[in-house]
Each structure stands twice: as C-alpha cells, then as structure tokens.
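All remarks here apply to the structure that follows.
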Amino acid sequence: MLSLFSSPKAFQGDFDIIQRNAITSWSLLHPRPEIILLGNDSGTATMAHAVGARHIPSVDLNEYGTPLVSSIFASAQTASRYDLMCYVNADIILMDDFLFTVAQVNRLLPREPFLLIGRKITGVPIPELLDFTKTGWQEELRRRVSGASHGTSDSDYFVFRRGLWPQVPPFAIGRFYWSAWLVYNARIRGIKVLDATETITAVEPAHDYGHVSSVAPGDGILSSPELAYNARLFKGCRYWTTFNSSHTLSRSELKRIPLRRRFTSLFIEWDHCLGLAYRVSPTWHRALLPVHAAYRGLRPWLLGLRRRLLRQPIY
C-alpha cells in the first residue's frame with residue numbers, strides 16, 4: 001500500500017477547483033492509498049474530511065508563510081502507515097496508471113531504494129469541477145489533454161521508500177530547486193531514479209502564480225526572494241530534473257538513460273544556471289549580466305537544435 005501526502009495552498013480562487021479536482025482523483029485510486037494533507041491553509045481541513053484523508057495542521061513555515069519541505073517530509077514520514085510513500089503537488093490529477101506503475105516498480109525493485117518521478121501535462125484549462133461520478137471520466141480527461149505538452153522537465157510527484165532522505169533541507173515548497181535537490185541527492189548516492197513519464201499521465205491544470213506572497217504584483221515567480229533562498233540552500237549552480245534520471249520506465253522494464261538525454265540534462269542545468277543563479281546575489285548579477293545577455297541571443301537557436309536532434313518538447 002501507498003501513502004500520498006501533500007501540502008495544499010489555500011482553497012481560494014482558481015486553486016479551490018484545481019485542488020479539489022486533484023485530491024478527489026487521488027481518493028478514487030484503486031487500491032485506495034492513504035492520503036495525508038499537511039498545513040492549515042483555508043479549506044485544507046475541510047478537504048481532508050471530504051475525502052477521508054488524515055490532516056496534520058502543524059507545519060513549519062518561513063517568514064512568507066510558505067511551508068518548508070523539511071517539515072512536510074518529516075511529518076508525513078512519521079505519520080505514515082506505509083513504507084512506500086509519495087509526495088505529490090496538490091494540483092496534480094492522477095489516474096489508474098499511477099498506481100499500476102508504482103506497483104510495477106515495487107515488483108521490479110522489491111528490496112532496493114528508488115525514486116520514481118515523471119513530467120506532467122501542463123497548461124490545459126480545467127475551470128470546472130470534474131464529474132467523478134461519471135463512468136469513463138479518466139478516458140474523457142485523457143482525450144481532453146491529448147496533444148498537450150509536458151510543459152516542464154520537472155516532476156511534481158516523488159515516489160520513494162520511507163527514509164530515502166535522512167534529512168531534507170528547509171526549502172520553501174514550490175519555489176524551484178527543492179525538487180531538483182531530491183533528484184540530485186538520490187543520484188549522487190547511487191540510488192536508481194526512474195522517469196515514468198511514458199507510463200503515468202499526470203495532469204496539472206493551467207494556473208498562474210498569484211498565490212505567491214513573496215512576489216510583488218506584476219512580477220513573475222523568478223523575482224521571488226524565496227527562489228533565491230532555495231538556490232543558495234542548494235549551494236551550487238545545479239538544476240536536476242527528470243532528464244537526470246538514471247533509468248526510464250516502460251510497460252515491462254527499466255532501461256538505462258540513453259546518451260542523448262545527457263545532452264538535454266546539461267542544457268537544462270546550464271540554462272537554469274545562467275537564467276536564474278545570476279539573480280541570487282548582486283555580485284553574480286553584475287558578473288554574469290554580459291554572459292547572460294549573449295546567451296539569451298543564442299538560446300532560440302540552441303532550443304531549435306535540441307528539438308530537431310531529440311524530438312522532445314521544450315521544457
């Protein structure tokens with residue numbers, strides 16, 4: 001059995017419907033996983049009661065009121081009934097292929113630690129509450145998102161055995177770098193990191209970042225001081241994603257990551273390095289500004305080359 005845990009945002013505005021759709025979809029998985037919702041933002045306790053989830057209201061926050069990854073993971077692992085666990089962002093709709101894939105990995109690696117991740121389908125407007133009582137709602141949703149892209153190379157779900165990370169740094173959840181650290185830390189310790197993008201259809205409805213309190217009106221998420229804090233906490237110019245996995249997962253077997261994916265992972269890592277890390281401190285900003293300006297001119301050509309060589313969506 002599996003324990004799913006998450007720390008939802010306040011159930012307000014667009015995120016009311018988005019999160020209600022996502023968490024309801026988890027409750028309909030078969031066999032039903034244990035669901036743990038952490039935090040005390042508006043609507044979290046009500047949602048936990050509605051789907052029969054466990055609610056842990058106390059989570060450590062930073063000065064902006066953002067939950068800390070360290071507290072979320074520690075509290076969930078202490079409370080969980082099962083050793084097999086999954087953190088998933090509260091806006092991700094999951095379907096039956098998720099548990100099928102988790103069970104497959106558990107059979108393939110019954111005694112090994114592992115980390116299962118995958119890209120999600122993004123940018124699809126789903127402004128209404130889905131009718132989960134309708135037979136075939138999963139097939140209807142798959143038709144609705146067919147043709148949409150895996151908009152990023154990041155993962156919004158992480159399946160692992162309890163205790164995989166003895167200690168997680170106090171990253172601000174949802175502000176970049178925390179998910180990259182989970183992948184990076186597992187890989188440098190020789191743990192298999194499995195990319196299940198081919199076998200799991202995870203759907204993230206379209207949304208903005210208006211909920212981020214540390215971003216001034218009109219600014220983007222990249223201006224958040226919480227992002228700069230997470231980058232400094234990572235202690236290096238790295239950004240590891242699904243393209244840094246050690247294996248891909250098909251319907252029947254694990255396969256080593258091909259060499260062409262290594263080029264993609266390097267491109268993503270250095271694109272983030274030049275695009276994000278130079279903002280972390282004034283010194284880096286001044287030193288990298290000319291390099292960054294030159295790189296932005298070359299970036300469209302590099303993206304086109306990557307698309308032609310790898311036939312993979314731009315993250």
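The values are calculated or read from the model by the stated rules, or taken from the named source; none is laboratory data. It should be emphasised that the depicted structure is a prediction, and the values quoted were computed from it without experimental measurement. Please note: Cβ atoms are built from the backbone with ideal geometry, for glycine as well, and neighbour counts cover all protein chains shown. Heads up: the accessible areas ignore ligands, DNA and RNA and are worked out on the full protein's heavy atoms, side chains in. Shrake-Rupley method; radii C 1.70, N 1.55, O 1.52, S 1.80 Å.
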_Show the residue pairs meeting these rules: Cβ distance below 6 Å; 6+ apart or different chains; first residue within region 47-76 and more than 23 Å from TRP178 (Cβ to Cβ); second residue hydroxyl-bearing (Ser, Thr, Tyr) and in a helix (DSSP H, G or I)._
VAL51/SER27
*Tally time: how many residues in region 182-194 are open to solvent by 30 Å² or more (accessible area, probe 1.4 Å) and more than 21 Å from ARG111 (Cβ to Cβ)?*
2
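In region 157-167, is there at least one residue being over 16 Å from the mean Cα position of the chain (by Cα), buried (at least 19 other Cβ atoms within 10 Å of the Cβ) and under 20 Å from SER6 (Cα atoms)?
yes
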*asked:* I'm checking my understanding of the structure. Among residues of region 1-49 that are over 21 Å from ASP83 (Cβ atoms) and basic (Lys, Arg), which one is farthest from the chain's Cα centre (by Cα)?
replied: ARG20
*Of the conditions (1) surrounded by fewer than 16 Cβ atoms within 10 Å (Cβ to Cβ); (2) among the basic types (Lys, Arg); (3) within 30 Å of TYR64 (Cβ to Cβ), LYS120 clears all except one; give me its number.*
(1)
*From the residues in region 202-224 that are in a helix (DSSP H, G or I) and open to solvent by 50 Å² or more (accessible area, probe 1.4 Å), which one is modelled with the highest pLDDT?*
SER223
*Within region 1-116, which strands (runs of 3 or more DSSP E) (wholly inside it) include 3 or more residues that are open to solvent by less than 20 Å² (accessible area, probe 1.4 Å) and out of contact with any Pro (no Cβ under 8 Å at 6 or more places or on another chain)?*
34-38, 84-88
